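One structure is given below, encoded as structure tokens.
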Amino acid sequence: MDAEGLLLSLELASGSGQGLGPDRRASLLTSLMLVKRDYRYDRVLFWGRILGLVSDYYIAQGLSEDQLAPRKTLYSLNCMEWSLLPPATEEMVAQTSVVKGRFMGDPSHEYEHTELQKVNEGEKVFEEEVVVQIKEETRLVSIIDQIDKAVSIMPRGALFKTPFGPTHVNRTFEGLSLSDAKKLSSYFHFREAIELKNKPLLEKADLDPSLDFMDSLEYDIPKGSWSIQMERGNALVVLRSLLWPGLTFYHAPHTKNYGYIYVGTGEKNIDLPFML
């Protein structure tokens, strides 16, 4: 959710219980504006909160003028002091995939994982147990990246792609119609397209290249991983991810108000295919 309309956005997303106290709201309003100024971002999004056992991580993201350029991620424990996180790598994701359970809430906390490594001694090869230390900060980077790629959402038309390549916020976007807001095909993943490149040419022919340049939620696997509901007498549409419980997207049809927030433990629902 955009930091500039934070209070309204939190109000619209509050139906899922994702609220913040008055002190946290006031701190975020001030500190995120300072983050935008100091880091010279085009936009700052309040991404959400990852719940820890000791304390929670508050997450924000800075966007450049090109909306699909790699986003800068920051975290805070008190909503006032923000620290920049390094970009996620495939090695980080693979390394942290072995860590299970809740976050502690301490970036310097280290998880211990025992793995078997092959050791050569002359002609003999035997396996040796090695204890690997994984920092919680590394796990935090990895989880945020996975959630971003899997369930961050934009309504169709909110962004447009110029003929020269960069993607910008569509200033003429006036919201989805009520009928379109109820369809999963009206929402896209907020990242570079992956599945779109594999579509047949006949399907691509009906797409508008300036608007339909991201992957639609309609084809997400497993099918049924999204819950879509109308609230407040059809004045608000809410999408909730069943794959990453805690992710809520909201949009008020016929208005420019939309956004998503994640408030959860940072754990993926790996049992979802068996629950549908």
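The values are calculated or read from the model by the stated rules, or taken from the named source; none is laboratory data. What you see is a predicted model, and the numbers here were worked out from it, not measured in a lab. Cβ placement follows ideal geometry from the backbone for every residue including glycine, while neighbour counts extend to all protein chains displayed. SASA here: full protein model, heavy atoms, side chains in, ligands and nucleic acids out. Shrake-Rupley method; radii C 1.70, N 1.55, O 1.52, S 1.80 Å.
Numbers for the structure displayed
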item	result
Residue ID - modelled with the lowest pLDDT, chosen from residues in segment 6-24 that are open to solvent by less than 60 Å² (accessible area, probe 1.4 Å) and not polar (S, T, N, Q)	Gly15
Residue match in segment 200-209 (condition: touching a helix residue (DSSP H, G or I) at 6+ places or on another chain (Cβ under 7 Å) and surrounded by 12 or more Cβ atoms within 10 Å (Cβ to Cβ))	no
Subset of segment 27-63 [surrounded by fewer than 21 Cβ atoms within 10 Å (Cβ to Cβ), among the small types (Gly, Ala, Ser) and under 19 Å from Lys268 (Cα atoms)]	Gly52
Extreme residue, modelled with the lowest pLDDT, among residues of segment 239-275 that are open to solvent by 50 Å² or more (accessible area, probe 1.4 Å) and among the aliphatic types (A, V, I, L, M)	Met275
Qualifying positions in segment 62-83 - touching a residue at least 40 places away in the same chain (Cβ under 8 Å) and either part of a strand (DSSP E or B) or among the basic types (Lys, Arg) (or both)	Arg71, Thr73, Tyr75, Ser76
